[in-house]
Amino acid sequence: MIPHTQDLRRSAFTLIESLVAITMFAILLSLLLPAIQKARESANRAQCANNLRQIGIALHARYTDTENFPPSYLWNNTLTAVTITKPPVYDRPPLQVYVQTNWPGWGWASFLLPYLDQNPLYQMIDFTVPTVSVTAAVPRTTILPVYTCPSDLSAGLFTVMNQTGGPLMPSATNSYAACYGAVGDLSTAPAAGNGIFVQNGQFTIRDIPDGLSNTIAIGERESGLVRAPWIGVLDQGTVQTTPGAPVYQSEICPAPTMVVARFYNKYINDPWSEPYDFFSPHPGVINLLFADGSVHPVLPSVDVSVLQALATRAGGETASLPE
């Protein structure tokens, strides 16, 4: 039986009913989105913590083989320093800048590759040649999920800038930095840190009397603050505050800052943070890997003095994270 035209009109939505339905859907969606975003961030934070756990397992697996923790990066002190020329400023003559080389520059993350199911990539590396060499191009530009926090939206390939402000070469980022300690200038004195990771460092468990469970090894430093290569230190490269970073100032730091960060005088995610500070993309928490392989979510409210104590390997402190 074919319905009458009048019956067909009654079964259809009116314009007002359609608008009401769309409005109700929009309201429901707006209520659900925060919950969805919160669930996604919770999953991202868990994956980030899992990345650090894998890194911790790799650190101890390598320790079993070598009986020491890897250096922040390798430096061959038999190589000579070089002089670069900066472009002239207005009518001034070119400025000669004396720059110490950072060859070969292979960093802590490179040494862990065989213990992170990346042995083929590890076999491609010749640790006697610089990280800036042509033969290092493939590992230098390979993005590794284990070194990428899923909440780090600025992670990926980027161009490292040189000391004259020009492009040096592309590299893949690292969302994590090794702990240099709590004092010292990690850019100009990369071997002087009081943490586990320093230039050419080979610390053993005996060198960490503060205890492995009380000493930070690796922490988050998101690419949203500063982009740095996981491969290590790129000679004549710089570390720069990422454009749009949630901080008050922009800085340019020398190459050694690429692999390490420190806890000095700032709280976690302080708006005055600089390239050599740890920094988290997770709202209200940062994931830190301790030397015993444990991963702890740490609140930004933790006192700076506690973070400084936990950053040192032999400070004799008794500080611990609040429960």
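Quick notes on this structure:
- Condition check for residue 192: of a type in the set (Gly, Ala, Ser), part of a loop (DSSP other than H, G, I, E, B) and on the phi < 0 side of the Ramachandran plot: yes
- Residues that are of a type in the set (Gly, Ala, Ser) and either assigned to a loop (DSSP other than H, G, I, E, B) or surrounded by 18 or more Cβ atoms within 10 Å (Cβ to Cβ) (or both), drawn from the stretch 195-213: 195, 201, 211
- Residue selected from the stretch 155-173 under the condition in contact with a helix residue (DSSP H, G or I) (Cβ under 9 Å, 6 or more places away or on another chain) and over 18 Å from residue 244 (Cα atoms), by the criterion surrounded by the fewest Cβ atoms within 10 Å (Cβ to Cβ): 170
- Scope the stretch 118-136; condition without any contact (Cβ under 8 Å) to a residue 12 or more places away in the chain and under 28 Å from residue 47 (Cα atoms); matching residues: 119, 120, 123
- For residue 312: the one exception among (1) farther than 24 Å from residue 240 by Cα; (2) β-branched (Val, Ile, Thr); (3) out of contact with any Ser or Thr (no Cβ under 8 Å at 6 or more places or on another chain): (3)
- Failed item in (1) modelled with pLDDT under 95; (2) touching a Cys at 6+ places or on another chain (Cβ under 7 Å), with residue 97 passing the rest: (2)
- Scanning the stretch 214-250 for residues that are β-branched (Val, Ile, Thr), part of a strand (DSSP E or B) and surrounded by 22 or more Cβ atoms within 10 Å (Cβ to Cβ) gives 216, 218, 226, 239.
Residue-wise test of (1) under 23 Å from residue 256 (Cα atoms); (2) modelled with pLDDT of 95 or more; (3) exposed (fewer than 12 other Cβ atoms within 10 Å of the Cβ).
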{"position": "65", "(1), (2), (3)": "no, yes, yes"}
{"position": "71", "(1), (2), (3)": "yes, yes, no"}
{"position": "78", "(1), (2), (3)": "yes, no, yes"}
{"position": "108", "(1), (2), (3)": "yes, yes, no"}
{"position": "111", "(1), (2), (3)": "yes, yes, no"}
{"position": "120", "(1), (2), (3)": "no, yes, yes"}
{"position": "137", "(1), (2), (3)": "yes, yes, no"}
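- Residue identified as at pLDDT below 95 and either over 20 Å from residue 149 (Cα atoms) or charged (D, E, K, R) (or both) among 284, 316: 316
- When the stretch 127-163 is filtered for residues that are among the β-branched types (Val, Ile, Thr) and assigned to a strand (DSSP E or B), the ones remaining, listed by number, are 159, 160.
- Taking residues in the stretch 52-72 that are in a helix (DSSP H, G or I), and partners anywhere that are among the polar types (S, T, N, Q), the pairs with Cβ atoms closer than 7 Å and at least 6 places apart or on different chains are 52/287.
The values are calculated or read from the model by the stated rules, or taken from the named source; none is laboratory data. All values derive from a computational prediction rather than experimental measurement. Every residue, glycine among them, receives a Cβ derived from its backbone with ideal geometry; neighbour counts consider all protein chains shown.
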